[in-house]
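The structure appears below as C-alpha cells.
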Amino acid sequence: MSYLELRRVSKRYGAGAAEVQALRDVNFAVERGSFVAVMGPSGSGKSTLLTIAGSLEDPTSGEVLIDGNELSSMSRNEKARLRRRTVGYVFQEFNLLAGLTAVENVALPIELDGVSSRKAHRASMAALEELGLAERAHHYPDELSGGERQRVAIARAVVGERSLLLADEPSGALDSNNSESVMRLVLAACRRGVAAVVVTHDAQLASWADRVVFIRDGRLVDQTVPPPSPESLLENFPEPAPHR
C-alpha cells in the first residue's frame with residue numbers, strides 16, 4: 001500500500017476572473033522507502049502539491065491519505081500532531097527559529113515528541129556533521145550563510161523517526177558537493193523506510209530519485225522509472241523560454 005496518496009486532487013485559489021487552478025485532478029502515490037522527484041516549470045503547481053501532501057493546505061476537491069489515514073477526516077489538532085511526528089519539511093524559506101542555535105533548531109521537533117534532550121542533541125549533531133556543519137552547530141541562524149541555513153533545515157527534516165519527507169528545492173542555495181551530501185541524507189532516510197518527495201529544478205538531483213514525475217499547469221504529464229540521466233531530463237522536459 002502507498003504511504004502517501006493523492007486521489008484526484010484539485011486546488012483552486014481565488015474566484016471569478018482572479019481564479020487560479022493550481023492543481024487539476026492529480027493522482028500521485030509514494031511507497032515507503034521510495035524517493036520521488038517532482039519537476040516542472042515555475043508556477044506549475046509543484047509547491048502546492050507539497051503543501052497539500054503535508055496537510056498544510058486542504059485540497060479544493062479530492063482525497064489525501066497518509067499511511068491509509070484520510071486527512072479530511074482529521075481534526076486540526078490531529079493534523080498538527082501528524083505533521084510534528086510524521087512529516088519532515090524542507091521549506092524554501094528555511095523557517096529556522098532565530099533564538100535557537102543550529103543544533104537546537106534541529107533537535108527541537110524531536111524533543112517536542114518526547115525524545116530526551118541528550119538523545120535529541122546527539123542525533124542532531126550527527127545529522128549536522130553529515131552535512132559538514134559540526135563546527136557551526138552552536139551558531140544562530142543570523143550567523144550562518146544562506147547555504148548553511150538551508151543545510152540546517154534539511155538536517156531538521158531528516159532527524160528522528162519521521163516517515164514522510166517533503167522538500168521544496170532543497171539544493172537551491174548549495175554547491176555540488178553540499179547537494180550530494182543532502183542527497184546522501186535523503187537516500188539514507190529512504191533506506192530506513194521514509195517516503196521522500198523532493199521538488200526540484202535540478203536535473204542532477206532528480207537523477208538520484210527512484211522515479212521522476214513531471215508537472216505542468218497543475219497536471220501530472222509524465223513520469224520516468226527509473227530516471228534517465230540529467231541531460232535526458234533536461235531534453236525531455238525543458239524550462240519554457242522566457243517571455244519577452
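The values are calculated or read from the model by the stated rules, or taken from the named source; none is laboratory data. On a predicted model such as this, the values are computed, not experimentally measured, just so you know. Reconstructed Cβ throughout: ideal geometry from the backbone, glycine too, with neighbour counts over all protein chains shown.
Within the stretch 84-106, if we keep just the residues that are assigned to a helix (DSSP H, G or I) and modelled with pLDDT under 95, the residue that is surrounded by the fewest Cβ atoms within 10 Å (Cβ to Cβ) turns out to be Arg84.
Residue under question is Arg149, and the condition is that it be assigned to a helix (DSSP H, G or I) and at pLDDT 90 or above; does it hold? Yes, satisfied.
Which ones in the stretch 165-205 are part of a loop (DSSP other than H, G, I, E, B) and within 16 Å of Tyr3 (Cβ to Cβ)? Walk me through how you get there before you give the answer.
Here is the first cut: in the stretch 165-205, the residues part of a loop (DSSP other than H, G, I, E, B) are 169-175, 192-194, 200-202.
The answer is Arg192, Gly193, Val194.
On the given criteria, is Asn77 under 26 Å from Ala188 (Cβ atoms) and of a type outside the set (Val, Ile, Thr)? It is false that Asn77 is under 26 Å from Ala188 (Cβ atoms) and of a type outside the set (Val, Ile, Thr).
Have a look at Leu133, Leu220, Leu164 and point out the one that is in contact (Cβ under 8 Å) with a residue 40 or more places away in the chain, crowded, with 16+ Cβ neighbours inside 10 Å and over 14 Å from the mean Cα position of the chain (by Cα).
It is Leu220.
Could you list, in sequence order, all residues of the stretch 1-23 that are surrounded by 15 or more Cβ atoms within 10 Å (Cβ to Cβ) and either aliphatic (A, V, I, L, M) or in a strand (DSSP E or B) (or both)?
Once the filter is applied, which keeps residues that are surrounded by 15 or more Cβ atoms within 10 Å (Cβ to Cβ) and either aliphatic (A, V, I, L, M) or in a strand (DSSP E or B) (or both), the stretch 1-23 yields Leu4, Glu5, Leu6, Arg7, Val9, Ser10, Lys11, Arg12, Gln21, Ala22, Leu23.
Residues that are in a loop (DSSP other than H, G, I, E, B) and small (Gly, Ala, Ser) were ranked within the stretch 53-73; the one that is surrounded by the fewest Cβ atoms within 10 Å (Cβ to Cβ) is Gly68.
Looking only at the stretch 122-179, which residues are β-branched (Val, Ile, Thr) and more than 20 Å from Arg191 (Cβ to Cβ)? Walk me through it before giving the result.
Step one: list which residues in the stretch 122-179 are β-branched (Val, Ile, Thr), which gives 152, 154, 158-159.
Residue satisfying the conditions is Val152 alone.
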